[in-house]
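Chemist: Sending over a structure as structure tokens; questions will come in a sec.
The values are calculated or read from the model by the stated rules, or taken from the named source; none is laboratory data. Here the structure is a predicted model, which is why all the values come from computation and not from measurement. FYI the Cβ positions are ideal-geometry reconstructions off the backbone, even for glycines, and counts take in every protein chain you see. The accessibility values were calculated without ligands, DNA or RNA, using every heavy atom of the protein model including side chains. Shrake-Rupley method; radii C 1.70, N 1.55, O 1.52, S 1.80 Å.
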Amino acid sequence: QEELVESGGGSVQAGASLRLSCVGSGRSFDIEMAWFRQAPGMEREFVATISWAGGSIEYADSVKGRFTISRDNSKNAVYLQMNDLKPEDTAVYYCAAGTYTSPVPRSYAYWGQGTQVTVSS
């Protein structure tokens, strides 16, 4: 069964850092991967995407300079290093995998269950 599982979320103070991990199983996720997030009452929004070889990376303007996406294909994993966290970063973070990089959620066929990140001021 193909599956993505996120981990690394938590509750932190503003200015802190967290590193999210997403590990795939059931197939080789040597395809495009991304992170999205969804705050209560809001639509799911794009955070970052990375191509299968890591050569193409894009970020949402709201996280540029603070978040870093990376991947390790040998571990079927993608990571999101989040620095200088702000209260507005509070959301459930989801990893996703698909056949091409895109900021649109429906472009991705595989999704994890999400991990909660809460940032207090």
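Chemist: Which pairs do you get when a residue that is closer than 15 Å to ASN73 by Cα, found in the range 1-28, comes within reach of a residue that is among the charged types (D, E, K, R) and open to solvent by less than 30 Å² (accessible area, probe 1.4 Å), reach meaning Cβ atoms under 8 angstrom, with the pair 6+ apart or on two chains?
Modeler: What qualifies is SER21/GLU6; CYS22/GLU6.
Chemist: I'd like the residue in the range 31-59 that is hydrophobic (A, V, I, L, M, F, W, C) and open to solvent by 20 Å² or more (accessible area, probe 1.4 Å) and, out of all such residues, is modelled with the lowest pLDDT.
Modeler: Across the range 31-59, the extreme among qualifying residues is ILE31.
Chemist: Out of everything in the range 11-25 that is assigned to a strand (DSSP E or B) and more than 14 Å from the chain's Cα centre (by Cα), what residue ends up being surrounded by the most Cβ atoms within 10 Å (Cβ to Cβ)?
Modeler: The extreme case among them is VAL12.
Chemist: Regarding ALA91, is this residue under 18 Å from ARG19 (Cβ atoms) and either touching a strand residue (DSSP E or B) at 6+ places or on another chain (Cβ under 6 Å) or surrounded by 14 or more Cβ atoms within 10 Å (Cβ to Cβ) (or both)?
Modeler: Criteria met by ALA91.
Chemist: Shifting gears a bit: Applying the selection to the range 106-118, what residues are out of contact with any strand residue (DSSP E or B) (no Cβ under 6 Å at 6 or more places or on another chain) and touching a residue at least 12 places away in the same chain (Cβ under 8 Å)?
Modeler: GLN113
Chemist: Among the residues that make up the range 62-70, is at least one of them charged (D, E, K, R) and open to solvent by 30 Å² or more (accessible area, probe 1.4 Å)?
Modeler: There is at least one residue in the range 62-70 that is charged (D, E, K, R) and open to solvent by 30 Å² or more (accessible area, probe 1.4 Å).
Chemist: Right, here's the next one. Determine whether TYR100 is of a type in the set (Phe, Trp, Tyr) and exposed (fewer than 14 other Cβ atoms within 10 Å of the Cβ).
Modeler: Yes; evaluated as a whole, the condition is true for this residue.
Chemist: Please verify whether SER28 is in a loop (DSSP other than H, G, I, E, B), open to solvent by less than 70 Å² (accessible area, probe 1.4 Å) and either touching a Ser or Thr at 6+ places or on another chain (Cβ under 7 Å) or closer than 16 Å to TRP111 by Cα (or both), treating the condition exactly as stated.
Modeler: Yes.
Chemist: Could you tell me whether any residue of the range 78-101 is at pLDDT below 95 and β-branched (Val, Ile, Thr)?
Modeler: Checking the range 78-101: at least one residue is at pLDDT below 95 and β-branched (Val, Ile, Thr).
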